[in-house]
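Taking it in order: structure first as structure tokens, then the write-up.
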Amino acid sequence: MKFLLDAFQFHRLPVAARPDFARVVVPRLARACHDAGVRPMVSTDLTDFWRICKGDPGRAVASQFVDPALDPEHGPADTAFIVLWRDGLPVASAGARLRWVPGTLAEAIVDGSLLYPRGTPKGWRAECVASQARAIAGTWVAVYTGYWRARSEDPRDPVPMHLAVRLLHAITLGAWGYSHAVAFCEDGVARSAAHAVWLAEFHQPGVAWDIQGEAYRLNLVVTGRDALITKMLDPRAVDPTALLHLPAAQRAPASIPERRSDHGANEAR
């Protein structure tokens, strides 16, 4: 568990929440990983995540949004991802980026700056009519932009992805001073996983991209930082079966701080 504790930067959490994360949340997550037979790896280099996605693309979700070739300026201060390993092979992963949104989130989606700060790809077209994207403005946003599960994993088993996302939540909460965490999910994924897996407060349809001839019509999934912290402190947040209401047979065995100046480049975009 020590390496997990070392990966967290508790000074970004509210003072009252730090002891609970250090003594309760992180140990619970470590035990849940042990019970599920997976070993977590924490990284701040999304090229590792991209290599994993390219090696098994059938299960990658939204991985094109974290392609290092399209966003070469990512770095350890604004990048995080988790990979869960079993028997020497990766089985699930989740990644995130920190973004400064100078206008509204809706504007950043449409002009491409949210996902492609170096310039949007050829043929890019975006549309956003989700009202909550217009309500989030002038702030730091954690964009959960990459999810992956190995082909060998049972698609009906939510435990590995649940744990990867939960670990990612906990690490980014401790590392980044953001106001909202956002993700973009297809209808079925948003309905089944937005609240249970991503601990989202709500999801709204109305985000569309056309990228390299492929059309994506997605839901905006959003949770505020304070609400996410509160949910992470709920013991059910660690147990994949408690929030997903799985039958017993499927259970695994027993005020926001100011950002540092190291994000000045992002803020100037």
**OP:** State which residue is surrounded by the fewest Cβ atoms within 10 Å (Cβ to Cβ) when the search covers only segment 18-38 and only residues that are closer than 19 Å to residue 89 by Cβ and touching a Leu at 6+ places or on another chain (Cβ under 7 Å).
**Re:** 36
Original post:
Of the numbered conditions (1) in a helix (DSSP H, G or I); (2) surrounded by 24 or more Cβ atoms within 10 Å (Cβ to Cβ); (3) not aromatic (Phe, Trp, Tyr), residue 182 satisfies every one except a single condition; which is it?
Top reply: (1)
Subject >> Pairs where the first residue, in segment 11-31, is under 12 Å from residue 170 (Cα atoms) and the second is in a loop (DSSP other than H, G, I, E, B) and of a type in the set (Val, Ile, Thr), C-beta under 9 Å, 6+ apart >> reply: 25/238; 28/238; 29/238
Original post:
Which one of the conditions (1) over 25 Å from residue 204 (Cβ atoms); (2) charged (D, E, K, R); (3) part of a strand (DSSP E or B) does residue 118 fail to meet, given that it meets all the rest?
Top reply: (3)
Original post:
What do you reckon, is residue 176 surrounded by 20 or more Cβ atoms within 10 Å (Cβ to Cβ), over 22 Å from residue 6 (Cα atoms) and of a type in the set (Phe, Trp, Tyr)?
Top reply: no
Original post:
So which of 190, 215, 227 is within 14 Å of residue 17 (Cβ to Cβ) and among the aliphatic types (A, V, I, L, M)?
Top reply: 227
Original post:
Just one of 133, 106, 142 is modelled with pLDDT of 90 or more, among the aliphatic types (A, V, I, L, M) and part of a strand (DSSP E or B); which is it?
Top reply: 142
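The values are calculated or read from the model by the stated rules, or taken from the named source; none is laboratory data. Predicted, not measured: the structure shown is a model, and the values here were computed from it. FYI the Cβ positions are ideal-geometry reconstructions off the backbone, even for glycines, and counts take in every protein chain you see.
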